[in-house]
Amino acid sequence: MTSQVPSTQWLEKTDPSDDARYAGYGKLFAQMQAARSKKFGVGRTLHRKQHLGLGAHLEVLDNLPAHARYGLFAKPGRYLAHVRLSNGSADSVPDSTPDGKPRLKPDLRGYAIKVNGIDGPGALGGKTLCQDFLLVNHFWLPIRSAEEFVGIAMAGAKSPFALARHLVGRHGLVKGVKELIYLGKAVNKRFSGFATEAFGSVAPMACGPYLVRVRLTAASVKINLDARKNWAKDMSIRLRAGPLVHELQLQFFTDEATTPVEDLSCEWPESQTPWVTVARLTLAQQDTDSPQGQTMSKEIEATKFDPWAALVTHRPVGDVARARKAVYLVSQRARDAA
């Protein structure tokens with residue numbers, strides 16, 4: 001099947017009540033963050049557990065197609081970058097049980113990239129000095145609106161029973177059970193490691209007049225079956241041996257039916273809109289256990305990773321993205337992030 005031509009005719013749905021609704025979400029997440037900080041120490045609301053903070057560089061490639069050459073990708077270049085690897089949960093627990101067996105509780109995994117050395121108009125106004133990409137090990141999530149995301153996050157942070165009760169209460173028994181199964185399909189996905197998995201943005205962002213989703217490919221390395229006992233150790237061993245190289249790719253909006261803007265439960269079909277490689281991310285060879293490695297990790301843990309830390313040409317798009325603007329700001333203030 002031939003791929004479709006990228007389109008600029010995408011539409012973001014907004015409502016006059018959005019700002020008040022997002023402020024309400026911020027209060028809910030602030031309450032969750034405060035409760036978890038009492039238990040685990042000061043930290044993020046979600047993606048609380050950092051596995052590693054790493055040094056990297058991003059190389060924007062030459063000869064990109066015209067529809068990709070906007071913002072960060074307008075011309076070839078090399079940028080220093082920082083990477084934060086994390087669990088998605090609001091909790092912070094060890095990867096293994098006391099007897100050395102891996103914990104099998106379902107979770108998302110986060111791969112956050114901060115590209116430094118940027119200087120241009122920012123998505124939040126003024127100018128930005130960085131471009132952040134916040135990716136997870138999924139290319140769809142059972143989320144069709146910010147309201148759905150908040151409901152699932154709040155209930156899921158309490159217990160699996162609370163989550164099931166929330167979904168049944170929202171959708172009714174039959175559809176609620178189906179939604180629970182659908183959610184389980186996403187979060188129960190087997191994870192092989194941060195070097196061996198691909199990561200996606202799920203939510204779209206602008207690329208000039210176009211709309212894109214973002215993907216980071218897996219590095220060309222073998223899976224370590226013991227990695228799930230200690231995800232950080234797996235990456236540390238790999239990076240002491242040498243650098244890890246990933247490709248950063250964009251997938252373009254074509255039409256609302258094929259590549260919906262707001263519905264994050266739909267994976268955009270690669271057969272219709274293939275991925276375009278625009279940059280190469282290289283995690284440098286490094287010793288994460290050295291004093292320098294530990295210092296870098298602490299600095300990365302203390303800093304902000306925010307989808308709105310972006311060029312205006314790469315502003316996040318959609319209801320969920322706008323809700324994240326409010327929620328991230330509240331979280332950053334609560335932990336006094338740099």
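The values are calculated or read from the model by the stated rules, or taken from the named source; none is laboratory data. Fair warning: this is a prediction, and the values are worked out from it, not measured in the lab. In this analysis, Cβ positions are derived from the backbone assuming ideal geometry, glycine residues included, and neighbour counts consider all displayed protein chains. Surface accessibility is based on the protein's heavy atoms, side chains included, excluding ligands, DNA and RNA. Shrake-Rupley method; radii C 1.70, N 1.55, O 1.52, S 1.80 Å.
Loop-located trypsin sites (Lys or Arg not before Pro) across the range 8-66 with a Cβ neighbour count of 11 or fewer within 10 Å are 13, with loop assigned by DSSP. GNM on the chain, alpha-carbon springs under 10 angstrom: the most fluctuating residue among 214, 93, 115 is 93. With θ taken as phi - 60° and the Karplus curve 6.51 cos²θ - 1.76 cosθ + 1.60 applied, the whole-hertz 3J(HN,Hα) list for the range 273-290 is 9, x, 6, 10, 6, 10, 7, 10, 9, 10, 7, 5, 4, 7, 9, 5, 8, 6 Hz, x standing for glycine and proline. The alpha-carbon positions of the range 1-88 define a convex hull whose volume is 204 Å³ per residue.
With the simple model of a label 7 Å out from the Cα in the direction of the Cβ, residue 96 to residue 258 spans 4.8 nm. Remark: the range 218-338 carries a charge dipole of roughly 540 debye about the Cα centre, counting +1 on each Lys and Arg Cβ and -1 on each Asp and Glu Cβ. Taking label positions 7 Å along the Cα-Cβ direction at both residue 220 and residue 333, the computed distance is 4.8 nm, reported to one decimal. Using a 10 angstrom cutoff on alpha carbons, build the Gaussian network for the chain and name the most mobile of 174, 83, 187. For the chain, modelled as a Gaussian network with Cα springs under 10 Å, the answer is 174. Among the trypsin sites (Lys or Arg not before Pro) found in the range 157-221, those both in a DSSP coil and sparsely packed, with 12 or fewer other Cβ atoms within 10 Å of their Cβ, are 190.
Result for the chain in a Gaussian network model with C-alpha springs under 10 Å: among 306, 263, 15, the largest mean-square fluctuation is at 15. Quick one: with all protein chains in place, what share of the accessible area of the chain is carbon or sulfur, to the nearest percent (1.4 Å probe)? Whole-percent figure for carbon plus sulfur exposure: 57. Heavy atoms of the protein chains alone define the surface here; on that basis the chain has 47 Å² accessible area per residue at 1.4 Å probe size. Take the Cα of residue 35, step 7 Å toward its Cβ, do the same at residue 177, and the gap between the two points is 2.8 nm.
HN-Hα J couplings of the range 238-252 from phi, Karplus 6.51/-1.76/1.60, θ = phi - 60°, integer Hz, Gly and Pro as x? For the range 238-252, the Karplus-derived couplings read 4, 6, 5, 7, x, x, 10, 10, 10, 9, 9, 10, 10, 10, 9 Hz, x marking Gly and Pro. In the chain, one over the average inverse separation of all distinct C-alpha pairs is 20.6 Å, which is the Kirkwood hydrodynamic radius.
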